[in-house]
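A.B. asks: Provided herewith is a single structure, encoded as structure tokens, for subsequent inquiry.
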Amino acid sequence: MRRAKYLNAVLTVNAVALCLLVAMFAMDQGTLARPAMASEQQFGIPDAASQRLEMIRELRRISASVDSLRKDLDKREFNVKVTSMPPVHVEGEK
């Protein structure tokens, strides 16, 4: 008898929680879908060709930057100053 009352109480709580969730989603009217719809309305259908052109422009800019860096590295000598060095362990020495 006691177990049946407990089960009924748990089922009632679950039913009330489910009803509250359904009511919240019904009032909200799909907030999760709203940003996708807003972006489609605001920007229209994505244009793959313009996206590719933008990517090609960016790749060319990066390539030019890397070429410039490579030329600078080829022209100059760099001085390296070691400020701290971990101890060196050589095999065979004690």
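The values are calculated or read from the model by the stated rules, or taken from the named source; none is laboratory data. The structure displayed is predicted, hence computed values, not measured ones. All Cβ positions, even for glycine, are placed from backbone atoms using ideal geometry, and neighbour counts span all protein chains on display.
A.B. asks: Taking the criterion of being of a type outside the set (A, V, I, L, M, F, W, C) and either exposed (fewer than 10 other Cβ atoms within 10 Å of the Cβ) or at pLDDT below 90 (or both), would at least one residue in segment 9-25 satisfy it? Before you say what the answer is, go through the steps one by one.
C.D. replies: Step one: list which residues in segment 9-25 are of a type outside the set (A, V, I, L, M, F, W, C), which gives 12, 14.
The next check asks that each one be either exposed (fewer than 10 other Cβ atoms within 10 Å of the Cβ) or at pLDDT below 90 (or both); those that pass are none.
For segment 9-25, residues of a type outside the set (A, V, I, L, M, F, W, C) and either exposed (fewer than 10 other Cβ atoms within 10 Å of the Cβ) or at pLDDT below 90 (or both): absent.
A.B. asks: Which of the numbered conditions does ASN79 fail, given that it passes all the others? Conditions: (1) part of a helix (DSSP H, G or I); (2) at pLDDT below 85; (3) not β-branched (Val, Ile, Thr).
C.D. replies: (1)
A.B. asks: In segment 44-66, which residue that is within 22 Å of the chain's Cα centre (by Cα) and in a helix (DSSP H, G or I) is surrounded by the fewest Cβ atoms within 10 Å (Cβ to Cβ)?
C.D. replies: If we filter segment 44-66 for residues that are within 22 Å of the chain's Cα centre (by Cα), which is where we start, we get 46, 48, 51-52, 54-55, 58-59.
When the remaining residues are screened for being in a helix (DSSP H, G or I), the result is 48, 51-52, 54-55, 58-59.
Numbers: ALA48: 8, GLN51: 10, ARG52: 10, GLU54: 11, MET55: 10, GLU58: 10, LEU59: 10.
Looking at the filtered set, the residue picked out is ALA48.
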